[in-house]
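Participant: Quick one: this structure, given as structure tokens, is what I'll be asking you about.
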Ligand code: A2P
């Protein structure tokens, strides 16, 4: 089997670090893996498979110089906008974790458990987009239920961890909690979020759009339709909560057909990379603290609506840095390699 030259752009970031940890855990056919970041980090090392890798500066020519074949981008939308084309011109497939290319109709938006066949479309632009963290875990749970009961509408409220805003956002929560215990919370700074996040809940992620929804909420709407390939109605309320890792979502799903909670539970239990934790009598259900470092999406509190037979409620949780970002990107890379090998 051919071995590939891989680059991770944003190697020092919250998602980039997770990509390296996943590559350590799986058997990926790489010849070399090159960490790329800003000039601030260039020359520093990261530990990988018990050795050290030297971080290189992201430049326009680095992909060509390093003969990169797979480039995973997680350094923010503006970096992808500027540098993805240099990776593509050097002959690499770009797997982009930012929102920059997601709604481009020539760029496949992929969750391998849902629409793996879309990866075949990568050649049009050389880019495959990784969806928003909240969308990935949600569509993983929606797909098997849509296949069984024909999904019509999703009402979702999210409880999103600070790591969705990167490392500095996580540090902001920790610093504010320290300031709280030092009786200095009133003087504590906030840069990553529009308000203090410690001991608070903020019903705003990203900027507000003209229609009154935030950009994050509209990502969930538009990306879900693109990935499922159908005009399902989606109403999202995205909320930042003072956790470090793990996004939770409360879902109310309306189907065309009547749906039985027990049947839905069985279907979800068999779905790829879904784990059902649903034993209310023992207070067992998905929670952020229990999903950290896991590569699966956890589903529980599966229950029929009190009023309508075609409506189901559930609570889902996944590690946003893994399932919502790094794991999905690496799974896309694995599928892409499979396709290359099969079409040789
Ligand atoms: P660096 O650590 O050198 O600044 P996070 O999402 O956790 O905030 O991380 C952002 C990632 O994007 C980091 O790896 C960061 O590298 C990287 N990054 C930010 N700006 C640039 C840039 N101009 N060029 C290359 N990488 C960048």
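Laboratory data are not the source of any read-out in this text; all were calculated from the coordinates shown. Computed from a prediction, not measured in an experiment: that's the story for all the values here. For neighbour counting, all protein chains shown are included, and Cβ atoms are generated from backbone atoms with ideal geometry for every residue, glycine included.
Participant: Take every DSSP beta bridge whose two residues both sit in the chain, then give the antiparallel share in percent to the nearest 5. Walk me through the numbers on the way to the answer.
Facilitator: Values: 28 of 57 bridges.
Antiparallel bridges make up about 50 percent of those DSSP assigns within the chain.
Participant: Mind checking the full-extension length gain between residue 189 and residue 105? Use 0.36 nm per residue of separation minus the Cα-Cα distance, one decimal, nm.
Facilitator: Answer, rounded to one decimal: 26.2 nm.
Participant: Take every DSSP beta bridge with both residues inside segment 1-88 and express the antiparallel ones as a percent of the total, to the nearest 5.
Facilitator: Values: 4 of 16 bridges.
Of all bridge pairs located within segment 1-88, approximately 25 percent are antiparallel.
Participant: Sort 139, 110 so that the residue with the fewest other Cβ atoms within 10 Å of its own Cβ comes first and the one with the most comes last.
Facilitator: 139, 110
Participant: Also: For the chain, with a Gaussian network of springs between Cα atoms less than 10 Å apart, report the residue from 174, 221, 114 with the top mean-square fluctuation.
Facilitator: Its mean-square fluctuation being the largest, the pick is 174.
Participant: Among DSSP bridges having both ends in segment 134-319, what percentage is antiparallel? Round to the nearest 5.
Facilitator: 75 percent
Participant: Over 18 Å, how big is the tail of the calculated P(r) for segment 10-167, in percent of all Cα pairs?
Facilitator: 64 percent
Participant: Rounded to whole Å and sorted largest first, list the principal axis extents of the Cα atoms in segment 134-319.
Facilitator: Cα spread of segment 134-319 along its principal axes, largest to smallest: 54, 43, 30 Å.
Participant: In whole Å, how far is the Cα centre of segment 210-224 from that of segment 83-141?
Facilitator: If you average the Cα positions of each part, the centres end up 19 Å apart.
Participant: From a point 7 Å beyond the Cα of residue 343 in the direction of its Cβ, which residues of segment 91-121 have a backbone N at a distance under 18 Å?
Facilitator: So the set is 91-96, 106-112, 115-121.
Participant: Would you mind computing the Rg to Rh ratio of segment 233-277 from its alpha-carbon coordinates, Kirkwood style for Rh?
Facilitator: 1.03
Participant: Another one. Once R0 is set to 30 Å, what does the formula 1/(1 + (r/R0)^6) return for the Cβ-Cβ distance between residue 50 and residue 209, expressed as a FRET efficiency to the nearest 0.05? Don't skip to the answer; put the middle values down first.
Facilitator: Details: r = 47 Å, r/R0 = 1.57.
The value I calculate is 0.05.
Participant: Per the Kirkwood treatment, what hydrodynamic radius in Å, one decimal, follows for segment 267-344 from the mean inverse distance over all distinct Cα pairs?
Facilitator: Over segment 267-344, the inverse of the mean reciprocal pair distance is 14.4 Å.
Participant: Another question, then. What's log10 of I(q)/I(0) for segment 216-318 at q = 0.17, 0.21 Å⁻¹, Debye sum over Cα points only, no solvent?
Facilitator: Taking Cα atoms of segment 216-318 as identical point scatterers yields -0.92, -1.35.
Participant: Sticking with this structure for a sec: Arrange 26, 33, 202 by Cβ neighbour counts within 10 Å, fewest through most, would you? If you can, show how the numbers build up before the last one.
Facilitator: Values: 26 11, 33 22, 202 17.
So the ranking, lowest neighbour count to highest, is 26, 202, 33.
Participant: Which semi-axis lengths, in whole Å and largest first, follow from the square roots of five times the eigenvalues of the Cα gyration tensor of the chain?
Facilitator: On the way: eigenvalues 207, 137, 67 Å².
Sorted largest first and rounded, they come to 32, 26, 18 Å.
Participant: Here's a follow-up. If the elastic network links every pair of Cα atoms under 10 Å, which of 317, 232, 330 fluctuates the most in the Gaussian network model of the chain?
Facilitator: Of the options given, 232 has the highest mean-square fluctuation.
Participant: Running a GNM on the chain with Cα contacts under 10 Å, which residue among 131, 280, 203 ends up with the highest mean-square fluctuation?
Facilitator: Between 131, 280, 203, it is 280 that shows the largest mean-square fluctuation.
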